[in-house]
Structures are given as C-alpha cells and as structure tokens.
Amino acid sequence: MTAVLTLPITLESTFAANLPDMAVAWHAGKVSDPTLIILNEKLAVDLGLDPAFLRTSGGIGLLTGNGLPENANPVAQAYAGHQFGNFTRLGDGRALLLGEIVDPSGQRRDLHLKGSGRTPFARGGDGLAAVGPMLREYIVSEAMHALGIPTTRSLAVVGTGGMVRREEMLPGAVLARVASSHLRVGSFQYARATGDADLLRRLADHAINRHYPEATRSPNRYLDLLDRVIAAQASLVAGWMLVGFVHGVMNTDNMTISGETIDYGPCAFMDTFDPATVYSSIDAMGRYSYGNQPVIAQWNLARFAETLLPLLAEDLDEAVALAENSLGRFPALYSGAWLAGMRAKLGLTDDVDDDAVTALADTLLTLLQEQQVDYTSLFRSLGAAARGDAETARAFFGEPDRFDAWLAKWLAHSPDADAMDGVNPVYIPRNHLVEEALASAVEGDVGPMERLLAAVSDPFTERPGLERYAVAAPPTFGCYRTFCGT
Ligand code: AMP
Ligand code: MG
C-alpha cells in the first residue's frame, strides 16, 4: 500500500474528476531501495516544491509514488493510438498520473511517473523502466526546453534498486515527469472509440479549459480547439525540424493536445543533414524519419479531427468539410513557422522576401546533404562567417567552392551575427555524448551526465572548456541506432 503522508504539496485531480471513465485509480509499485540519481532543482522551485524536501526520504517517496499526500488520487490514464499506422487501445501501462500541481504562477501541471509498475493497461509489459532510457528522456527533454521547444519536463530520476529484464538485466528507475497535461490525440481516439458522445464532449471541454480557454469565446469551440491544436503542432514540428530533432515514434498516442513534445523513446538529434535520417531500430520503413515528420504530424492531426467530427456540426458532411478546411491549413502554418525559424537561423531581417530566404535555405540544405555536413555545427559557424570569418564554415565542406558561391549571395543580405548566435545552438545532446553519459550513470558515476546537462541547458552561449560538447561524433562512433525497448 502507498503510505499516506502530510507532505508540503497539494495534488489536485481534475482529470480524474472530469473524466472518471478514462482514469483507473491505481498505485505505484513498491520501491524498496530507492536512490535519487538526479533532481531538477530549478524545475522543483518553479513548481513551488522545496528541493531539500525532495531529497529526503519523504521527497523520494513522492517521486516514486510510494508516499503520497492526503487526498492524492493517482490514476492510470486510458488512451488509444495509431502505432505505426495501426489502431490499438493502450493506456498507461507503466505510468501513473499522480495528480496536478498548480505552480506559484498559477499554471496547472501534471506530475506523472514512468516506470512505476504494472497497471491494468500493461498488457504483456512488466510496467518497469530502466535507468538508461529514463535518464535519456531527462537529458533530451531538458535540452529541448533550453532550446525553446515546448516539451514535457523531467523533475527527477530515482533508481529503484531492482533489476529490469530487457535484452539483458538492467537497473530499474522511475522518472518523475511534469507536463502541461498528458492529453494526447490518442486520448480523443479512446473517447471516440467508446461511442459515448458525452465522454467525448467532456474530454474536449476538459482540454479547452486546460489549454485553450479562449476557444470558449468562439462560435464553434470544438472547431476552434481543432484549429489551435493544428497550429500548436505545426509550430512544434517546425521547431523540431529547425534543430534537427528526430522524435522517432510519432504515434498518435505520443502527440499531445498541448503542443508539447512527449514520450522520448528512440529519439535523437541528426548529425549530418539527411532527410532520410532514422534512428529507431523498429522503424525499418522510415515512417518517422526526419523528413517525414511534418507529413506524419498532419496525418496524426487528421486522426484527431476525425474524433471531433460529432462535435463539429450536427450534419456529418458539414463536419467533414469543416475538418478538411482546418487540416488544409496545416501545410501553410508549418511552412510559415519553419520559414520564420530558418530566417532567424540565417540572420535575415523581414526586408528579405520569403522567396529569397527559401532559395537560400534550400540551396544550403542541399549542399549540406550532398557534402555530408554536420547540421548544428554548420549553422553555428555561420555566425562567424557573418562577422567576416568564414574559414570554420568552409572547412566543413569537401568542395568549398559551391559553398563560397552560396556564401556570397547570403552575405549580400547583411545577416545579423549576434541574432544568429541566439538561435543556432552550440550544444545539443549529441548521440555519442548521451551514450557516454548514460553508460557512466548506469555504472554509478553521474559526473558526465551532469556536465552534459550543464552544456545543453545553456545551448546558445559558447563557453571555454566545453569544446568536446560542440563537435560532431568521431567517425569511430559509427551508425547510431536507438531502441524502443525502453
Ligand atoms: P511508449 O512507446 O513509451 O509510448 O509506450 C507505448 C505503450 O506501451 C503505452 O501504452 C505504454 O504504457 C506501454 N508500455 C511501454 N513499455 C511498457 C512496459 N515495460 N510495461 C507496460 N507497458 C508498457
Ligand atoms: Mg507513449
């Protein structure tokens, strides 16, 4: 049984109260020998939690779901989803929503555990998580946040002291995650699949209330919800593309209504620019490759729109027409967000017209792909090129003549080097550095992970001593694969 304690935290449960049909009351598995591996002190403070308390046995009890405040109502959430295109009923198989924290700024956020034991949705799974993948989610989500990309956050990873059977036996862990909510496209697919019109409406009202309260002022609030989710996802995926992020498992259950990145599994940052880049070992067809992400986002949003049809209009044909009209705006919203981001990466002001920015970007990306240039390093080096020193940038190209021709055209627009340095990161969680940090942490040395986190948590400020965090993997690192056996 979970201990019930008087703790300096209040956990509310509007999700469970509004949507009891999608919430199964459950408790975390017992963690007998917990060790706090990493705590996000700054996030704790932002949430109104005392980091010193979280380090105590009471705090670690909270972070593992083993000691919850009075009135807490932890639940496993039901959802469904298209996984690699196939519809399945899912739900939190190894996760729990502990409750919602209203932070000192008034923002409501979910406190959620991953790896907290089997739930009624576990199907064949063991309900557990290993230290490595949970620290991976911690590092990459914190890097994404520092890059300015909406994401769930990581509060802590606690080692359980137990072992988890994967291809080999691995030490187990629980990740404490914070999100503006865990409502997913798959949550709506679940509600729609039940055939319960009242449930679907309650879910949509809950989502509007939580994320898009302005929609209540619209004559068709559910259409407005659809439009706002489409806009949020267009902007999110453009953000991913601009930093070279490959999510890896863009199933509809891994796409939020809030527009935050969620469920870091076999994700990675691209090194050399190539739209076909795939890291996930289970994505043999490249469905979720870097270059496919915008198309997949739109496909997922079409699944979302389908779930909302009964709410959009009484007449089905009218509802379909409304949904198609909204979905039809995705490509322009995405392209607009991407172009604005690319304009900033190239340091170009609004005086340069869209067609010129597009042409410069397309030519540069083609050169990067053909000459296998590291995406992040090259964009960062363009800041120095804008200041008159193009040698670092030139050195990335096997055939610099073609780059020189591009450079002359770009420099003619007087790019703003300082502005570029604020949007082109020096430090991203490069795959070889993440692997190195995880391997050490699993062995008990969290030093490399802490140094990597320090680098990627302030990604735009170049600092002496961090040179190895700013360069691509050595060729010996080889072809990178990430595994879904998380
Ligand atoms: P994910 O790939 O993490 O997005 O998970 C997809 C689905 O599988 C979700 O319903 C998870 O809760 C479930 N799942 C993943 N791993 C496990 C596990 N080890 N035990 C139980 N359920 C799991
Ligand atoms: Mg998931």
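What follows is calculated from the coordinates using simple rules that are stated; it is not laboratory data. Just so you know, these numbers come straight off a predicted model, no measurement behind them. Because the Cβ atoms are built from the backbone with ideal geometry, glycine has one as well, and the counts that use them run over all protein chains shown.
Numerical summary
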quantity: Positive minus negative residues near MET134 (Lys, Arg vs Asp, Glu; Cβ under 10 Å); calculated: +2
quantity: Proximal lysines to LYS30, defined as alpha-carbon separation beneath 20 angstrom and excluding residues fewer than eight positions away on the same chain; calculated: LYS114
quantity: Enclosed volume per residue, in Å³, of the convex hull spanned by Cα atoms of segment 35-151; calculated: 140
quantity: For segment 222-304, Kirkwood radius (reciprocal of mean inverse C-alpha pair distance, Å); calculated: 12.9
quantity: The chain: radius of gyration and largest Cα-Cα distance (Dmax), Å; calculated: 22.9, 69
quantity: Segment 25-67 pair-distance distribution - Cα-Cα, 10 Å bins, rounded %; calculated: 28, 52, 20, 0
quantity: Convex hull volume per residue in cubic angstrom - Cα atoms of segment 94-219; calculated: 143
quantity: Residue order, fewest to most surrounding Cβ atoms within 10 angstrom, among THR151, THR366, THR272; calculated: THR366, THR272, THR151
quantity: Net charge, ARG394 excluded, C-beta distance under 12 Å - Lys, Arg +1, Asp, Glu -1; calculated: -4
quantity: Förster radius 25 Å - calculated FRET efficiency between PHE460 and TRP406, Cβ distance, rounded to 0.05; calculated: 0.60
quantity: Modelled FRET efficiency - R0 25 Å, ALA302 with ASN18, Cβ distances, 0.05 increments; calculated: 0.45
quantity: Translational D in µm²/s for segment 185-338 (Stokes-Einstein at 10 °C, 1.306 mPa s, Kirkwood Rh from C-alpha pairs); calculated: 99
quantity: Residues of type lysines that LYS345 reaches as a straight line, Cα spacing below 27 Å, ignoring anything fewer than 8 places off in the same chain; calculated: LYS409
quantity: Local electrostatic count at ALA361 - Lys and Arg +1, Asp and Glu -1, tallied over other residues with Cβ under 10 Å; calculated: +1
quantity: For segment 367-481, the Rg and Dmax computed from alpha carbons only, in angstrom; calculated: 16.1, 53
quantity: Cα→Cβ-extended label distance, 7 Å offset, between ASN220 and ALA25, nm; calculated: 4.1
quantity: Descending semi-axes in whole angstrom, ellipsoid equivalent of segment 446-486, from the Cα gyration tensor; calculated: 23, 15, 10
quantity: Span-rule helices in the chain, defined as complete DSSP H runs reaching 15 Å or more along the axis (Cα) with Kyte mean at least -0.5; calculated: 131-146, 221-243, 293-312, 316-328, 330-345, 354-370, 375-386, 400-411, 431-442
quantity: Exposure proxy order (Cβ contacts within 10 Å, fewest to most) of VAL434, VAL352; calculated: VAL352, VAL434
quantity: Label zone at SER414 (point 7 Å along Cα-to-Cβ), backbone N below 15 Å, segment 311-344; calculated: none
quantity: Enclosed volume per residue, in Å³, of the convex hull spanned by Cα atoms of segment 238-285; calculated: 85
